[in-house]
1. Roughly how many debye, to the nearest 20, is the charge dipole of segment A:274-424 about its Cα centre, given +1 on each Lys and Arg Cβ, -1 on each Asp and Glu Cβ, and no other charges?
2. With 32 Å as the limit, write out which pairs from A:266/A:295; A:391/A:519; A:60/A:459 have Cα-Cα distances beyond it, or answer none.
3. Near residue A:423, within a Cβ-to-Cβ distance under 10 Å, what is the net charge of the other residues, with Lys and Arg +1 and Asp and Glu -1?
4. Using a 10 Å cut-off around each Cβ, can you sort A:215, A:318 from fewest to most neighbouring Cβ atoms?
5. Taking neighbour Cβ counts within 10 Å as the exposure measure, how do A:376, A:322 sort from fewest upward?
6. Grab every C-alpha pair in chain A, bin the distances at 20 angstrom width from 0 up to the longest one, and report whole percents.
7. Give me the extension gain from residue A:26 to residue A:555: residue separation times 0.36 nm, minus the current Cα-Cα distance, reported in nm with one decimal.
8. Relative contact order for chain A: what percent, with Cα pairs under 8 Å and sequence separation of 6 or more?
Amino acid sequence: MAVSNQQIIAILRELVALTILEEESAQAFRVRALENAIVGIESETRHLAELDEKEMVGIKGVGTSTASKIREFLDTGSIKKLDALRAAYPPDFVALSRIPGVGPKTLKRMRSDLNIENLDDLKAAIDGEKLRGLPGLGAKSEAKIAQSIERLGLHGKDRRTPIAEAMPIALDMVAELRGLKTVEDVQYCGSLRRFSETIGDVDIIVSSNDASAVMEHFVGLPSVADVIAHGETKSSIITTTGLQVDVRVVTPDEYGAAMVYFTGSKAHNIKLRQIALSRGLLLNEYSLSDSETGKVKASKTEASIYKALGLAYIPPTMREDSGEIEAAADGSIPQVVQLDDIKGDLHFHSDWSGDGRSSIEDMIGAARDRGLDYISFTDHAIDLAINGLTKDQMLEQRGLLKRKRPRGLTILHGTELNIGRDGSLDYDLDFRLGFDWTVASVHSSFDLDPEVQTARLIKAISDPGVAAIGHLSGRMIGRRPGIQFEMEPVLEAALVTGTAIEINGALPRLDATVDVIRKGREMGVTFVISTDSHHVSNLRRMSYGVQQAQRGWLEPEQILNTNPLDVVKKFVKAKRDLLT
DNA sequence: GCCGTTTTCGGCCCGACTGTTTTCAGTCG
């Protein structure tokens with residue numbers, strides 16, 4: 001079994017954690033160099049196991065030292081340097097670095113002066129009031145560390161919250177702060193704005209000339225369980241659900257610079273600053289300015305900052321330092337899909353499905369409110385035992401929908417088919433072909449072997465009565481891994497049969513995943529962005545689906561429902577003509 | 001440890017908050 005790039009990255013991450021202890025700084029050049037190497041490897045499509053050292057050094061951020069370590073790992077299964085570090089810093093000791101407020105320097109002091117090797121030692125030292133004797137630490141620090149230990153399981157440094165949990169909390173807080181009179185604007189930033197699947201903490205930027213009023217209001221919100229920091233322009237709290245939220249107040253003039261800074265990613269920011277430096281400019285959270293004279297070049301909007309750096313605007317969802325800065329510099333950055341490009345929604349339930357919660361009439365009203373040109377009801381088909389509709393029910397629904405003539409909105413009759421364990425589908429082929437649109441999805445048997453899942457998906461894709469595959473992996477972020485399947489053969493099948501791959505905007509799903517979207521983009525696969533709405537409140541998911549597509553660098557040309565309805569109809573017909 | 005519009009050595013992104021200091025170190029993002 002060949003060693004995957006992911007395994008190599010995992011080893012390098014461990015090396016980073018141990019090197020931070022060794023160097024006593026997370027900013028040490030050696031640490032940063034390793035982190036840069038990881039970033040480079042993450043965007044590498046070749047298998048490192050098949051490269052020689054010279055080829056590895058060609059990867060950005062990987063030098064001779066890292067390359068030889070990777071080679072050593074591939075050849076021998078271990079790295080001498082890593083083994084030495086593991087011996088010097090056993091797991092019980094390394095675990096202490098997860099305590100918020102305890103950094104590498106404090107840790108080393110604890111060890112050398114108090115012989116603290118693990119959590120029990122540390123607790124004993126706190127009980128004996130020994131920590132306060134260390135230089136730089138007092139009774140207050142001791143109490144803070146004690147409190148951090150108690151909460152370790154709740155919000156350690158490496159706790160990640162699924163985006164579906166973090167988003168509503170962030171939206172609530174943003175709305176709360178927006179309500180203040182002195183507040184001009186509010187935006188959540190950080191990994192949430194970049195639309196990462198899991199969020200470390202929520203960062204919120206407030207534009208206001210009255211920072212202290214914002215700070216007071218924020219730390220007093222009812223959802224605040226604990227205040228970690230409360231300064232003049234920056235405060236951090238823990239919510240009752242255990243999520244950390246940081247709020248930073250800047251003046252309206254600084255708002256754009258602050259948003260760039262706090263949206264990140266960290267690697268993206270570092271690269272922006274390097275570009276600034278090379279142009280004799282200084283970029284911080286307040287402005288982009290001349291490093292000699294201090295004269296401000298740009299600060300109010302994000303767009304002005306990118307422009308002043310000689311870059312095309314980069315959407316937040318693309319700011320991962322995965323080539324977007326280089327593309328923005330030479331003008332080749334893709335013009336990714338925007339919410340305005342979307343013309344219709346092709347995965348849409350009503351309360352005719354057992355799990356649907358709004359009536360057909362209400363769902364139509366919601367679609368009209370959104371300004372959609374067309375929708376396809378896709379209530380569950382018969383094989384989904386609890387939810388599915390019989391043939392007769394489907395025909396009844398079809399008749400009912402035919403009589404609905406909402407102004408400016410065309411209604412298609414579709415269904416969400418169920419992909420069985422062996423790739424079989426609901427009803428018979430003739431009946432499936434009677435629908436205007438169909439999306440076929442996996443709802444069960446999540447743990448089959450990859451070869452079996454791959455064959456199962458390809459069988460469904462090859463059916464003339466299937467227009468799209470819904471939530472391809474079936475994952476629920478933070479709760480359930482997706483099915484395992486071979487990405488390329490599945491996408492290849494979708495390509496040659498003319499089957500669309502859904503990008504499902506439900507936050508727990510965000511499925512297809514970003515790697516599938518990127519690969520499909522390269523191959524020329526057609527995607528469809530859908531809300532999978534089960535209630536009128538779910539239509540906002542279209543924006544989430546669009547952001548997921550942006551993370552995959554997808555342009556409107558490759559997304560079916562950016563087109564008028566006749567193009568959708570031709571797409572369905574073309575596949576049927578090809579396969580029947 | 002990496003890298004080169006400062007090119008094989010010397011630099012590497014920048015600032016707020018806290019607790020301990022009387023000007024700064026550590027941590028965090």
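1. Computed charge dipole of segment A:274-424: roughly 660 debye.
2. The pairs that break the limit, which is 32 Å between Cα atoms, are A:391/A:519; A:60/A:459.
3. Within the 10 Å Cβ shell, the charges total +1.
4. Fewest-to-most Cβ neighbours within 10 Å comes out as A:215, A:318.
5. The fewest-first ordering by Cβ neighbours comes to A:322, A:376.
6. That works out to 18, 46, 31, 5, 0, in percent per bin.
7. Extra length from residue A:26 to residue A:555 when fully extended: 186.7 nm.
8. 8 percent
No value in this document is a laboratory result; all are computed from the given coordinates. Nothing here was measured: the structure is a model prediction, and the numbers come from that model. With ideal geometry, Cβ positions are generated from the backbone for all residues, glycine too; neighbour counts draw on all protein chains shown.
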